[in-house]
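Below is one structure; the comments refer to it alone.
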Amino acid sequence: MAAVLAVVAVVVARIVDRRRPEAPTQSGVRAGWAPPGQLDRADFDGPERPWLVAVFTSVTCESCKETTTKAAVLASGEVTVQEIAWQEHKDLHDRYDIEVVPCTVMADAEGVVRRAFVGAPSATDLWAALAEARSPGSSPEPGLGQDP
């Protein structure tokens, strides 16, 4: 009887471990078009790297393709760049309440979104926003990618 209870306990423990936690709490009330303020880095590629540039897209969106191409050059040993297409990752779009694409977010190691763009930013704006997020005071336009 004890062996059966031990096996049941192990099975229940594994099921609980595999359950996905809720999306990180978002600060304040936000409209569906606003980027999230917090990400769970385990949901994305490269959680061990200090920075994530996540580009939420749709495969039918031309400006999304352009934004993904511009963001790709930011990839490095310190920065993971990942495209999250709605058709392939609907679960992440739903989890983070992404309703408008392209939506580009730049999150630190803890998943705090430091900069974000809704719509298609220029390559220069992406570069400057990431530089400012990583090293405050390094950009001539420190407000890029922040709420007005």
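No value in this document is a laboratory result; all are computed from the given coordinates. Quantities reported herein were computed from a predicted structural model and do not represent experimental measurements. Positions of Cβ are generated from backbone atoms using ideal geometry, with glycine treated the same way; all protein chains shown enter the neighbour counts.
For ARG114, the amide hydrogen comes within under 5 Å of the amide hydrogens of MET106, ALA107, ASP108, counting only partners 5 or more places away or on other chains and with H modelled in the peptide plane.
Between MET1 and GLN87, what FRET efficiency comes out of the Förster formula 1/(1 + (r/R0)^6) with R0 = 41 Å and r the beta carbon distance, rounded to 0.05? Efficiency computed from Cβ-Cβ geometry: 0.25. The 3J(HN,Hα) values that the Karplus relation (6.51, -1.76, 1.60; θ = phi - 60°) gives for the range 39-56 are, in residue order, 10, 8, 4, 5, 6, 10, 5, x, x, 7, 7, x, 9, 10, 10, 9, 10, 7 Hz. Gly and Pro appear as x.
Taking the DSSP beta bridges with both ends in the range 26-134, the antiparallel portion is around 60 percent.
Label positions at GLU141 and THR124, each projected 7 Å from the Cα along the C-beta direction, are separated by 0.7 nm. Of the chymotrypsin sites (Phe, Trp or Tyr not before Pro) found in the range 33-89, those that fall in a DSSP loop while having at most 16 other beta-carbon atoms within 10 Å are TRP33. Residues of the range 91-112 falling in the label zone of CYS61, defined by backbone nitrogen less than 13 Å from a point 7 Å along Cα to beta-carbon, are 93-94, 97-105. The relative contact order of the range 26-134 comes to 35 percent, based on Cα pairs under 8 Å that sit 6 or more residues apart.
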